[in-house]
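Comments concern the structure below.
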Amino acid sequence: MYNAEGGRILIVDDDPIIIRVLASALEHCDVVMFAKTGAEAFKMVRQHEFDVILLDVTLPDMSGFDICRQIQLRSPESAARIIFITGRISADDEALGLNAGAVDFIRKPLHVDVIKARVRTHLSLKQATDKLNRQSRLDGLTGISNRLEFETVLRREWQTARRLQRPVSLVFLDVDFFKKLNDSQGHRVGDQYLQTVAKLLSTAVKRGSDLVARYGGEEFVLLLPGAPMQWAASVAENLLAELREMKLTHPESPYGFLTMSAGVSCQIPVDAHYERLVEQADQALYRAKKDRRNMVVKFDRQDFNSNF
Ligand SMILES: [Mg+2]
């Protein structure tokens, strides 16, 4: 349950008296920091995350409107909600502030209860938005990342790898004979097995940049930035072995237990087209599925060009 009294607040004002009044009105918040100039404010925003920023319109080095606009531009997704602290303000300036991305105004002279109420409202809204953002990136059944999040992270890691000229590896994994399992055991068992597989795959995520996602249906993907092909392939081999050892009953499979197949691809990016890496892992997986399943296939350009 969200505690609307929590939250991380940044106060930006060049007047120490205003800072003191705001800080004492918000002393119940988790974190209250302050900055006296635009430059200081940018530094704080780079180093910390805030839910609400209380921003003076006139600062010594720049206008609050410009600060607001730049903060919104830098991190549009996780942006803090910005409330302007103003004296008397014209309707034109108010429109300017709202267009710059502010969500509210608090007028001087400051009133403690008004400050508390406004901040509480915006903390709740920020919390609700953050929750929706988080949920939109997760798969509902397994709780791991979804395909959308995978593609966002892959795009970002691909750019980094291209700059550093280091490899990016992908492992596509698909549960074998899953449709037969659902048909014979029911979707509840199928769902439980998918959750188990997701949990198993999560153990392979060792570094901050690694990612495991449900790609769709019974298909999962493991993104391993910086990992060479052989490393990714051995991660896949280990996961397949661990699943076999769990001996999850699957009467419709010739193996008798739940197994999965994997396709691995690896590239050092030469251009922006990360989609090829996905296609190659998918092709390798397809080959594993066409063969005996319960195996790992590495994408090899020469090998595959003769057959695809
Ligand atoms: Mg001022």
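Observations, loosely collected:
Residue-by-condition table, conditions (1) hydrophobic (A, V, I, L, M, F, W, C); (2) in contact with a helix residue (DSSP H, G or I) (Cβ under 9 Å, 6 or more places away or on another chain); (3) assigned to a loop (DSSP other than H, G, I, E, B); (4) within 26 Å of Leu73 (Cβ to Cβ):
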site: Ile9; (1), (2), (3), (4): yes, yes, no, yes
site: Asp14; (1), (2), (3), (4): no, no, yes, yes
site: Ile17; (1), (2), (3), (4): yes, no, no, no
site: Val21; (1), (2), (3), (4): yes, yes, no, no
site: Ala39; (1), (2), (3), (4): yes, no, no, yes
site: Lys43; (1), (2), (3), (4): no, no, no, yes
site: Arg46; (1), (2), (3), (4): no, yes, no, yes
site: Glu49; (1), (2), (3), (4): no, no, yes, yes
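- Residue check, Gln192 open to solvent by 70 Å² or more (accessible area, probe 1.4 Å) and under 18 Å from Ala284 (Cβ atoms): no
- Taken over the stretch 139-172, residues that are more than 15 Å from Leu222 (Cα to Cα), in the same structural domain as Leu201 (by TED's automatic domain parsing) and among the hydrophobic types (A, V, I, L, M, F, W, C) amount to 2.
- Looking across the stretch 59-93, not a single residue is part of a strand (DSSP E or B) and surrounded by fewer than 14 Cβ atoms within 10 Å (Cβ to Cβ).
- Being among the aliphatic types (A, V, I, L, M) and either more than 20 Å from Val31 (Cα to Cα) or more than 26 Å from the chain's Cα centre (by Cα) (or both) is a property that Ile82 lacks.
- The listed residue being hydrophobic (A, V, I, L, M, F, W, C), at pLDDT 95 or above, open to solvent by 30 Å² or more (accessible area, probe 1.4 Å) and at negative phi, out of Leu141, Leu132, Leu96, Leu154: Leu141
- Qualifying positions in the stretch 7-56 - among the small types (Gly, Ala, Ser) and either touching a strand residue (DSSP E or B) at 6+ places or on another chain (Cβ under 9 Å) or within 12 Å of the ligand (Cβ to nearest atom) (or both): Gly7, Ala23, Ala35, Gly38, Ala41
- Among the candidates Glu275, Glu242, Glu252, residue that is closer than 24 Å to Arg166 by Cβ and open to solvent by 60 Å² or more (accessible area, probe 1.4 Å): Glu275
The values are calculated or read from the model by the stated rules, or taken from the named source; none is laboratory data. Quick caveat: nothing in here was measured; it's all calculated off a predicted structure. A quick note on method: Cβ atoms are made from the backbone with ideal geometry, for glycine too, and the neighbour counts reach across all protein chains shown. Surface accessibility is based on the protein's heavy atoms, side chains included, excluding ligands, DNA and RNA. Shrake-Rupley method; radii C 1.70, N 1.55, O 1.52, S 1.80 Å.
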